[in-house]
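Down below is the structure, laid out as structure tokens.
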Amino acid sequence: MGKYILTFKKQGYIKYTSHLDMMRLFNRMFSRAGISLAYTQGFNPHGKMSLCQPLSLGYTSLCEMLEFEIRDDDVPGDEKCRELFEKISAVMPEGLTAVDVKEAENSRSLASLCYKAAYDIVIPDEDGNIRRHIEETGGKEAFLSQDRIEVMKKKKKSRDSVSVDIKKGIKKLEIEYDDRKILLSTELDAGSSENLSPELLLRAFFDFLHIPLHRETLEIQRSALFV
Amino acid sequence: MRKIDKKTFDRLLGQVEKPARYIGTEYNSRKTEKPGEPVSFAFAFPDIYEIGMSYMGLEILYDILNEDKDVCCERVFAPATDMEELMRENHMPLFTLESKSHVKDFDILGFTLQYEMSYTNVLNMLDMAGIPLYSKDRGEDDPIVIAGGPCAFNPEPLADFIDVFVIGDGEYIDLELCREYKANRGKGRVEFLRRICKMKGIYVPGFYEVTYKDDGTIDERKKTFEGAPDIIERVMIDDLDAVRFPTSPIVPYIKTVHDRAVVEIFRGCTRGCRFCQAGMIYRPVRERSRERIEELAEIQLDNTGYDELGLLSLSTSDHSEFEKLATELTEKCAARNVSLSLPSLRLDNVSFKVLSGIQKYKKSGLTFAPEAGTQRLRDVINKQVSEQDLTDAANTAMELGWRRVKLYFMIGLPTETVEDLEGIGELGKKLVCDKGRRFSVTVSVSNFVPKPFTPFQWHPQDREEDFRRKHDILSSLLKVKGVEFNYHESYISILEGLFARGDRRVGEGLKLAWERGCKFDGWSESFKDDVWRNALSDASVDPEFYCFRDRGYEEILPWDFINSGIKRDYLISENEKARIGSTTKDCRLGCNDCGINSFTECRMLK
């Protein structure tokens with residue numbers, strides 16, 4: 001028995017694979033790699049593995065983390081990690097790249113340890129209109145210095161929207177301008193207790209700028225998970 | 001080949017449901033770049049990704065074609081309506097999943113025809129690709145459009161839209177076509193078609209003209225190219241063990257209908273049910289050896305990581321080594337946490353033994369297919385299941401712990417009376433509460449559609465009002481606690497019948513319906529009942545003639561020029577036996593002289 005953490009990148013078209021589909025994908029990946037996962041007890045046993053923090057459909061990532069428990073008698077250690085890394089790398093689908101495999105040191109789950117995530121967001125700005133609005137409204141300083149940063153959020157079960165204050169979930173926000181695009185890098189609450197999706201931040205920011213947000217034109221990449 | 005604009009594509013993907021339908025790059029999908037000038041083949045499935053990726057035939061051909069050094073095969077599915085809208089808005093043509101290339105730029109575009117109600121999608125995909133709908137309007141810049149699959153056994157409704165039909169097993173003939181294409185590259189479409197039309201299993205509809213009598217039936221088929229054959233012979237694989245079978249099937253990112261490893265264990269069926277087209281056109285039975293099946297299963301599981309394995313065939317328990325095969329596979333699967341699924345079992349003792357081994361703890365539903373409600377009608381259709389068999393099976397199922405049963409029936413079968421409907425009701429009720437036990441029973445009733453190359457190919461089909469009346473009768477008969485009753489939309493069955501037995505003239509109705517927005521007709525939520533009715537009427541395509549008419553044996557049927565290997569006389573004699581309720585034995589018990597033995601070696605003959 002050993003508990004490990006696989007860090008991997010998710011790039012390219014595979015970003016259109018949802019969290020649930022990723023879990024099925026990893027089950028099959030381990031099976032192809034000949035790595036036997038430990039199974040949960042109970043009526044509907046399944047392989048013990050979980051992703052640190054779900055990644056929204058359409059986002060790429062440099063730093064996804066999958067925690068898994070395997071069923072063998074090998075001594076955990078660097079050598080075992082290397083072996084797992086090689087086996088996994090050989091059977092990963094296009095777009096996923098293993099970065100490393102490490103022994104999990106903490107007995108608590110990754111999901112419960114995670115508290116923050118960093119994102120890089122590219123917003124196309126062909127005519128410089130968005131940049132103009134940012135500069136005219138006082139930019140991120142003005143945005144962040146509001147007493148409350150309110151945005152409408154859909155409730156999970158009912159379809160109603162409620163207004164929420166996301167201010168304390170924003171840990172960092174940087175704005176840079178590049179050729180015909182705006183680069184936004186941000187650090188947000190992430191995890192099981194407090195969580196702020198970059199999409200809510202963007203909606204709040206664009207509401208503040210009084211310009212429409214074209215979600216489908218954005219590129220969002222998760223660049224770090226803090227555990 | 002031209003590629004779609006990646007930036008636009010990305011923007012569209014961000015706006016559609018299940019974008020993974022369009023991205024390709026799945027594990028085991030092929031990189032399709034080869035040196036030289038390979039023949040490019042776009043394999044098209046005229047329905048959405050999740051349906052198409054559950055079709056084993058796609059994997060088989062994809063594997064065989066890509067294995068060849070001179071061929072590159074890529075996939076394309078019908079984009080769902082949301083994606084289609086965006087593609088049309090953004091002038092993005094139909095593209096393949098592998099290299100995201102324009103389908104129009106391929107050498108060959110091959111459709112598989114699994115279901116008549118996908119025909120509007122065939123037209124829609126041609127249109128989205130920017131390829132002229134009519135074969136006669138295509139030029140040297142267009143692909144050769146071919147089509148195969150079970151529906152190609154009556155190719156005539158699509159004769160004006162398809163350049164080449166492949167009749168029979170596609171394994172080798174598609175590769176042969178590609179080789180011929182390579183050898184004749186640059187000589188032009190007509191020359192290519194002239195060369196291939198003599199190959200076994202190949203039908204080039206453009207080389208024939210059909211004339212009709214005053215009563216609307218076929219008068220004559222005339223050749224417009226002297227070298228074209230009079231009779232098209234079905235092409236066939238004699239030995240399944242000798243052909244490639246996928247060892248590394250594609251593993252989709254999203255859930256498909258059948259999301260599992262699949263091994264085809266045999267082709268064909270010896271039961272001889274008179275309504276069943278598959279039971280006739282896939283004769284004779286050709287088995288894959290047990291050893292090979294087990295080997296393929298293990299390799300596929302190793303290479304895909306699937307946690308489910310399915311065995312594919314008609315009447316799976318008829319494999320000559322079924323018990324051993326199933327027992328060994330059950331063990332192997334259990335050892336690797338894989339569940340085994342056997343979708344087409346006869347519920348005899350052996351099957352129960354196997355099933356209870358597989359479903360030790362979790363009992364999923366059981367399916368029985370008596371097809372008709374009385375013994376008399378089951379004799380007519382030659383479905384050799386007795387009421388005793390059913391009761392026995394239900395008892396065994398009960399003892400072994402199953403609580404859910406699904407029953408399949410057909411209505412509108414030849415000679416059917418009210419008693420046969422009552423029989424369906426009786427059977428359903430009997431299973432729900434007999435000797436104090438409780439089953440939950442689902443009764444699924446489909447509308448019988450007479451199909452070409454079956455003994456019932458001459459029969460009139462029930463009218464909509466007949467189907468409706470029968471549905472009503474059954475609804476009231478089956479208003480019983482614990483019974484769920486399902487049935488199919490009647491008008492779709494009429495259309496299915498129209499295209500199953502139609503001639504070249506029904507193509508105009510199809511085109512008009514598509515022009516007026518019909519597509520995804522197999523999906524009840526997108527089926528446009530009124531549009532179809534008006535389109536057929538405006539195109540002067542009358543279901544009265546195609547569906548409800550009793551055809552005589554002397555009539556030239558639109559598909560008569562195809563030799564399936566089964567003698568026409570055999571179909572006639574089966575139809576005559578049906579009229580008097582006389583059964584025909586399973587071929588394994590002795591030859592019934594269907595004719596296939598003079599076509600190829602039938603191994604059922606000991």
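The values are calculated or read from the model by the stated rules, or taken from the named source; none is laboratory data. Because the structure is predicted, anything quoted here is derived from the model rather than measured. Reconstructed Cβ throughout: ideal geometry from the backbone, glycine too, with neighbour counts over all protein chains shown.
Can you go through A:PHE85, A:PHE30 and tell me which one is over 23 Å from A:VAL122 (Cβ atoms), in contact with an Asp or Glu (Cβ under 9 Å, 6 or more places away or on another chain) and modelled with pLDDT of 95 or more?
A:PHE85
For segment A:50-69, does any single residue satisfy the condition of being aliphatic (A, V, I, L, M) and within 11 Å of chain B (Cβ to nearest Cβ)?
Yes.
Of the conditions (1) surrounded by 11 or more Cβ atoms within 10 Å (Cβ to Cβ); (2) assigned by TED's automatic domain parsing to the domain that holds A:ARG28, A:ILE121 satisfies every one except a single condition; which number is it?
Just one mismatch for A:ILE121, condition (2).
Sort through B:LYS31, B:LYS7 and tell me the only one that's outside any loop (DSSP other than H, G, I, E, B), within 14 Å of chain A (Cβ to nearest Cβ) and not acidic (Asp, Glu).
The unique qualifying residue is B:LYS7.
Given the conditions (1) on the phi < 0 side of the Ramachandran plot; (2) assigned to a loop (DSSP other than H, G, I, E, B); (3) of a type in the set (S, T, N, Q), which single one is not true for B:THR391?
With respect to (1) on the phi < 0 side of the Ramachandran plot; (2) assigned to a loop (DSSP other than H, G, I, E, B); (3) of a type in the set (S, T, N, Q), B:THR391 is out only on (2).
Under 9 Å between Cβ atoms, which residue pairs at least 6 apart in sequence (or on different chains) link something in segment B:541-553 that is within 18 Å of B:SER490 (Cα to Cα) with a partner that is of a type in the set (Ser, Thr, Tyr)?
From segment B:541-553, the pairs are B:PHE545/B:THR217.
Name every residue in segment B:299-326 that is over 26 Å from B:ILE254 (Cβ atoms) and either surrounded by 16 or more Cβ atoms within 10 Å (Cβ to Cβ) or within 14 Å of another protein chain (Cβ to nearest Cβ) (or both), in order of residue number.
Residues satisfying the conditions are B:SER313, B:LEU314, B:SER315, B:THR316, B:SER317, B:ASP318, B:HIS319, B:PHE322, B:LEU325, B:ALA326.
Where residues in segment B:400-416 are assigned to a strand (DSSP E or B) and of a type in the set (Phe, Trp, Tyr), which of them is modelled with the lowest pLDDT?
Per the stated criteria, the residue is B:TYR408.
I'd like to verify a number: residues in segment B:247-286 that are farther than 30 Å from B:GLY412 by Cβ and among the polar types (S, T, N, Q), how many?
3
Could you please tell me which pairs satisfy a Cβ distance under 8 Å, a separation of 6+ or placement on different chains, a first residue in segment A:93-114 that is within 14 Å of chain B (Cβ to nearest Cβ), and a second residue that is among the aliphatic types (A, V, I, L, M) and surrounded by 14 or more Cβ atoms within 10 Å (Cβ to Cβ)?
Short answer, once both residue conditions are applied: A:PRO93/A:ILE14; A:PRO93/A:LEU25; A:PRO93/A:MET29; A:PRO93/B:VAL251; A:GLU94/A:ILE14; A:GLY95/A:ILE14; A:LEU96/A:ILE14.
Please verify whether B:THR224 is free of Cβ contacts under 8 Å to residues at least 24 places away in the same chain, away from chain A (no Cβ under 14 Å) and among the β-branched types (Val, Ile, Thr), treating the condition exactly as stated.
On the way: free of Cβ contacts under 8 Å to residues at least 24 places away in the same chain: yes; away from chain A (no Cβ under 14 Å): yes; among the β-branched types (Val, Ile, Thr): yes.
Yes, satisfied.
Would you pick out the residues in segment B:127-143 that are in contact with a Phe, Trp or Tyr (Cβ under 7 Å, 6 or more places away or on another chain) and buried (at least 21 other Cβ atoms within 10 Å of the Cβ)?
Taking segment B:127-143 first, the residues in contact with a Phe, Trp or Tyr (Cβ under 7 Å, 6 or more places away or on another chain) are B:133-135, B:143.
Those that are in contact with a Phe, Trp or Tyr (Cβ under 7 Å, 6 or more places away or on another chain) and buried (at least 21 other Cβ atoms within 10 Å of the Cβ): B:SER135, B:PRO143.
What number of residues in segment B:19-37 are out of contact with any helix residue (DSSP H, G or I) (no Cβ under 8 Å at 6 or more places or on another chain) and at pLDDT 95 or above?
Looking only at that region, the number is 2.
Okay, residues lined up against (1) hydrophobic (A, V, I, L, M, F, W, C); (2) touching an Asp or Glu at 6+ places or on another chain (Cβ under 7 Å); (3) at pLDDT 95 or above:
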| site | (1), (2), (3) |
| --- | --- |
| B:PRO205 | no, no, yes |
| B:GLU226 | no, no, yes |
| B:VAL243 | yes, yes, no |
| B:THR247 | no, no, yes |
| B:VAL263 | yes, no, yes |
| B:CYS273 | yes, no, yes |
| B:GLU291 | no, no, yes |
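Here is a list: A:LEU62, A:LEU20, A:LEU57. Which entry is closer than 30 Å to A:TYR119 by Cβ, in contact with a Lys or Arg (Cβ under 7 Å, 6 or more places away or on another chain) and surrounded by fewer than 19 Cβ atoms within 10 Å (Cβ to Cβ)?
Only one candidate qualifies: A:LEU62.
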